[in-house]
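Notes to accompany the following structure.
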Amino acid sequence: MALRFGECVLDRGLMELRRAGRAVPIEPRAMQVLLHLVDARDRVVPKEELLDAVWGSRFVTESALSSQIRAIRRATGDSGDAQRVIRTVHGRGYRFVAAVREQQSEDTPRARPAETVVDTDRDRPVIAVLPFADVSSTAEHAHVARGFTQDVIATLSKHRWLRVLTGAATAGMSGAPDAMARMRDELGARYAVEGSVRLDGDRLRVSASLTDTTARICLWADTFDRTFGDLFSVLDEVTDIVVATVEPQVGLAERHRSSSRPRTDLRTWDLFHQGTYQFFQFTREGNREAQTLLNRCRDIEPEFADAHAWWAYSVVLGMVYWDTDPTVDLLDAARDATMTALRADDQNAVFHALHGRVQLARRDYASALAANQRAVSLNPAYATAYCGVGDSLCYEGNYADAVTQFEHAVALGSHDPQLWAFLTYGALPLLFAGRYDKAIDWTVRAAAIPNCQYWTTAHRVVALAQSGQAHRASAEVPALLEQCPEFSIDYAEHKLFYLKRQDQRALYLQGLRSAGVPQGR
C-alpha cells in the first residue's frame, strides 16, 4: 500500500519516498519517524513515543529527533515555517497533517474493489491508560500505583486488535479538566482507562473505570477489594480482571459504533465490526449475516487477518447451533482461514483461540488444546482461551481439570458477551463426570444471561434426567422445543458431531430419551 500526500508518494512495499515522480533519498531513521507519524496521523505523537519507537532503549537527545524531522521536511518539500506535512505542537510533539490518499504500491498491483476504504490498522481503537492515582494514607506506596498502571498497559496490549498508548503519551494529563478532550483530539484515543489504588496494611482496593472520550460517558466502573499475603499475586489477579473486563467493553462499544453507520462507503474496520455485531446477537439470522459480512471483508481485504479468524468462528458456531452444515470441506476451509490469520500474526492470542475452536469442531483435540494453551500463554487475561482449554480437556475425558479451566474463564469473563457460553460449555464436564447438581446450577446461571442459547436448556434436561429427576426434565422439554422447534434426539446427535467419545454421546442422548425428547421432528 502506498500513500499519496501533496506531490509525494510514500511506498511501504518499496520503503521508498517519491516526490514529483522521482525517488527522494531519505535516511532509515527518518523513514521510521515518517512512517510512525503517518500511521498515527489522527493524533499528536509525543516526542517520547517517537524516541521509544525509533531509537528504543538507546539514549538520544531530542535534538536527534529534531534533526530527523528537518530531514523529512526537506525530503517532502515542507519547512518549519510552512508545516504543511508535519506540524510541531509545542510542548507535546508532532502531528502529520497532510491530506492522505491511498493507492496500490508498485510492487503489489492487485486491485481492490472501490466500494470500501481500507485502512484497518488506522481504524483500530486507541486506548489511553491514565496513571492510577495512589490514594493510600501514606506516600510510601506510590510505586504500587505506578506499577499497576504499567501492568494494565502491558496486559491490554496483549489484545492485539487494540492500540494502547504508552505511559509517556499521557504524561501530565491525569487530573487535568480537559484530559478527555486532549486524549481524543491530540492522541486520537477513543477510550480511556483510569482509577486509583489504595493500600492499607494487608488490604488492597483498586477502583477502575472505562470512559468513551467522545461521548464523555462512563462505559464501565468497578471496585476490587482484596486481602493479601502476596501483594504481587493479588495485583496480577486484579490486573487480569480489569483488562478482561475492559477489552470486551471496548469491543461492545466498537460494534455499536460500527452498526449505527450506514452500509455505504464503509471502512473495512466498520464492516468487520458490523459482522461481529451480528455474530454476538447469537441468532440464526445474525450468524448468517455475520458469515456474509466477514466473508465480504476477506474478499475486499485479503490481508485483514481478523476477518479470516472471525469468519471461521462464525462458521463453526453456525454448525453447532444453527443451519450451517458441518461438512469436511467447510471445516477445512475454516481451519485454513485461521491459519491465514496466524501466518499474519502468530503472537495474537485471539487467532490461536479461534484456531483451537475450529480444531475442536474437527475433533482434533490435541491440536485444539495446544492452540488454546498458546493463547493463554500469550494473553493470561483472555477468558475465551481458558474456555477453549476446558473444552479440549473435557472432550478428552479429563473432567476435573476441565472444570478448573471453566471456573477461571467464568471468573475472568464476568462482562464477556460469551459468559453464558462459558457456563454452558462448563456444564458438560460436570455432566459427564456425574456432578449433575453442579451442572444444573451452571445452566441455571447461564439461562439468566441475555442471548443464552437452547443448548443450555438441553444440558439441563440431560442433567436432570441423569440425576433421577425425569419428571423435572420432562417439564423442561416444552421450553427447549420453544427455543429450538426442530430439536430432537436425531437433531442433537447430528449437532454433537464434535464429540468423538461414544460414552459421552451415549450419556447425553440417553438423558434426552429419558426426558421424553422426541426421536425426530
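Observations on the model:
- Checking each residue in region 178-230 for being in contact with a helix residue (DSSP H, G or I) (Cβ under 9 Å, 6 or more places away or on another chain), part of a loop (DSSP other than H, G, I, E, B) and under 19 Å from Ala142 (Cβ atoms) picks out Asp202, Phe228.
- For region 2-23, residues that are part of a loop (DSSP other than H, G, I, E, B) and surrounded by 16 or more Cβ atoms within 10 Å (Cβ to Cβ) total 0.
- Trp322 being under 16 Å from the mean Cα position of the chain (by Cα), more than 20 Å from Cys394 (Cβ to Cβ) and not assigned by TED's automatic domain parsing to the domain that holds Tyr491: no
- In region 382-406, the residues that are surrounded by fewer than 23 Cβ atoms within 10 Å (Cβ to Cβ) reach residues that are among the aliphatic types (A, V, I, L, M) and modelled with pLDDT of 95 or more with C-beta atoms within less than 6 angstrom, at least six apart or across chains, in these pairs: Tyr399/Ala433; Asp401/Leu393.
- Cross-chain or 6+ apart pairs with Cβ under 7 Å, region 246-258 first and outside the structural domain of Glu194 (by TED's automatic domain parsing) and in a helix (DSSP H, G or I), then among the basic types (Lys, Arg) and at pLDDT 80 or above: none
- If you go through region 80-94 and keep only what is over 33 Å from the mean Cα position of the chain (by Cα) and part of a loop (DSSP other than H, G, I, E, B), you end up with Gly80, Asp81, Ala82, Gln83, Arg84, Val85, His90, Gly91.
- Residues of region 464-494 satisfying the condition of being in a helix (DSSP H, G or I) and touching a Leu at 6+ places or on another chain (Cβ under 8 Å): Ala465, Gln466, Ala470, Arg472, Ala473, Glu476, Ile489, Ala492, Glu493
- Residue in region 62-81 that is closer than 20 Å to Met183 by Cβ, modelled with pLDDT of 85 or more and surrounded by 15 or more Cβ atoms within 10 Å (Cβ to Cβ) present: no
- Identity of the residue in region 187-202, in contact with a strand residue (DSSP E or B) (Cβ under 7 Å, 6 or more places away or on another chain) and at pLDDT below 90, that ends up surrounded by the most Cβ atoms within 10 Å (Cβ to Cβ): Ala189
- Region 353-374, subset among the aliphatic types (A, V, I, L, M) and more than 9 Å from Tyr498 (Cα to Cα), residue surrounded by the most Cβ atoms within 10 Å (Cβ to Cβ): Leu354
- Test: residue in region 446-463 that is of a type in the set (Phe, Trp, Tyr), part of a helix (DSSP H, G or I), within 27 Å of Ala307 (Cα to Cα) and outside the structural domain of Ala506 (by TED's automatic domain parsing): no
The values are calculated or read from the model by the stated rules, or taken from the named source; none is laboratory data. Note that this is a predicted model, so its numbers are computed, not measured. So basically every Cβ, Gly included, is an ideal-geometry build from the backbone, and we count neighbours across all protein chains shown.
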